[in-house]
Amino acid sequence: MRPTPIIVTSGNGATALPEGVRVLRRGGSALDAVEACARYVEADVADTSVGTGGLPNILGVVELDASIVDGTAHRAGSVAALVGFGHPISVARAVMRRTPHVMLVGEGAARFAAETGAERARNLTPSTRRLWADALRQVGETPASVRRAKRLLPVVKRVIADRLGTVNFIALDRRGNVASAVTTSGWGYKYPGRVGDSPIIGAGNYCDSATGGACCTGYGELAMRLLTAKTAVDRLAAGLRPATVARRAIVDANRLADVPFNVIVLAKDGTHASATNRAGRRYAFMTSEMTGPAMRSRAAVRATRSTRSR
Ligand code: ASP
């Protein structure tokens, strides 16, 4: 028996779920569903962690990262540090579909986006420009002073805090195919060119239709060091339940550092789970039989002295 189609997301993706579930209900693919959901959040200027309205880098430039994985054909596409386009997830999908490559970055990604007709966008909104200028002011800098600065690293270190956020989607369609999408503006006020885990296949995003999928939010550097998403999918393949897989991902992250880290996991039978190392975090899901998204608490796995090995 085929499982019921479902999409699982980080908490900030809940409002996008009806978009993707509509695709699944009419027999559409998991790949189309996760792209539709990701595009919805990318266009939401109120979400300061994704797409248009996402926080910029230290120079006030919004650099977007995104990736998409087709768990059936083991195909993937991603873009990093993409500037000037509103839907990095669709550019990532075009990288997968139209190029012999998996990942394009920076100028090359923007050139490819323009060449393939992707929609241009002014991603720095008046409101995020204000937030950026306020953050600079708090450390005695201004947009003009950072643009003139010879050394950016000291400024980044003073400004940067836990300004993280990303959206994840993992979908299972009627045919039993799994796909996953992650899109983000990355770490707010990052050093220009900083790339997180979201576009790194196997770090922030991975799925396999034979097994399931996993995606991360939080300190991307940890997911990159641990290949969290691929490790989670391998653990599903080894027979562990999503709840155990999610908790183990956080235990692994906690061994490296006590910084915010979250994971969502969907198994090919439609069971799902999420874990975090912070209190009060939620994730969301919606099946094709539900009338709206449901929110669930993420299991909290706190770092303790004994779990910190390094
Ligand atoms: N993982 C993202 C990054 O490191 C940020 C986040 O999810 O909060 O860019």
Query - From the options Ala33, Ala92, Ala66, residue that is at pLDDT 95 or above, crowded, with 22+ Cβ neighbours inside 10 Å, assigned to a strand (DSSP E or B) and small (Gly, Ala, Ser) - result: Ala66
**Report entry** Matching residues, the range 69-80, being buried (at least 24 other Cβ atoms within 10 Å of the Cβ) and either without any contact (Cβ under 8 Å) to a residue 12 or more places away in the chain or more than 18 Å from Ala171 (Cβ to Cβ) (or both)
**Finding:** Val79, Ala80
Report summary line: Among Ala114, Ala118, the single one that is of a type in the set (A, V, I, L, M), free of Cβ contacts under 8 Å to residues at least 60 places away in the same chain and not in a loop (DSSP other than H, G, I, E, B) is Ala114
Query raised in the report: Taking interchain pairs and intrachain pairs at least six residues apart, which have beta carbon atoms under 9 angstrom, with the first residue in the range 282-310 and at negative phi and at pLDDT 95 or above and the second among the hydrophobic types (A, V, I, L, M, F, W, C) and assigned to a loop (DSSP other than H, G, I, E, B)?
Result: Ala300/Ala279
Query raised in the report: How many residues does the range 107-152 contain that are in contact with a Leu (Cβ under 7 Å, 6 or more places away or on another chain), of a type in the set (Ser, Thr, Tyr) and within 20 Å of Val83 (Cα to Cα)?
Result: 1
**Report entry** Residues being more than 13 Å from the ligand (Cβ to nearest atom) and under 20 Å from Val233 (Cα atoms) - total across the range 177-210
**Finding:** 12
Report task. Please enumerate the residues belonging to the range 51-66 that are within 14 Å of the ligand (Cβ to nearest atom) and either of a type in the set (Ser, Thr, Tyr) or within 23 Å of Arg158 (Cα to Cα) (or both). Result -> Gly54, Leu55, Pro56, Asn57, Val62, Glu63, Leu64
Query - Residue among Arg278, Arg296, Arg248 that is more than 23 Å from Val21 (Cα to Cα) and more than 15 Å from the ligand (Cβ to nearest atom) - result: Arg248
Query raised in the report: Taking into account only those residues within the range 160-176 that are more than 14 Å from the ligand (Cβ to nearest atom) and surrounded by fewer than 20 Cβ atoms within 10 Å (Cβ to Cβ), which is nearest to Asp208 (Cα to Cα)?
Result: Gly176
Query raised in the report: Are there any strands (runs of 3 or more DSSP E) wholly within the range 248-310 with 1 or more residues that are surrounded by 15 or more Cβ atoms within 10 Å (Cβ to Cβ) and within 16 Å of the chain's Cα centre (by Cα), and if so which?
Result: 261-267, 272-276, 282-287
Requested in this report: Within the range 188-203, identify whether any single residue is in contact with a strand residue (DSSP E or B) (Cβ under 9 Å, 6 or more places away or on another chain) and in a strand (DSSP E or B), and answer yes or no.
Outcome: yes
Query raised in the report: Hey, any hits in the range 216-233 for a residue that's under 18 Å from Asn168 (Cβ atoms), within 16 Å of the ligand (Cβ to nearest atom), in a helix (DSSP H, G or I) and of a type in the set (Lys, Arg)?
Result: yes
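The values are calculated or read from the model by the stated rules, or taken from the named source; none is laboratory data. Being a predicted model, the structure only gives us computed values, none of them experimental. With ideal geometry, Cβ positions are generated from the backbone for all residues, glycine too; neighbour counts draw on all protein chains shown.
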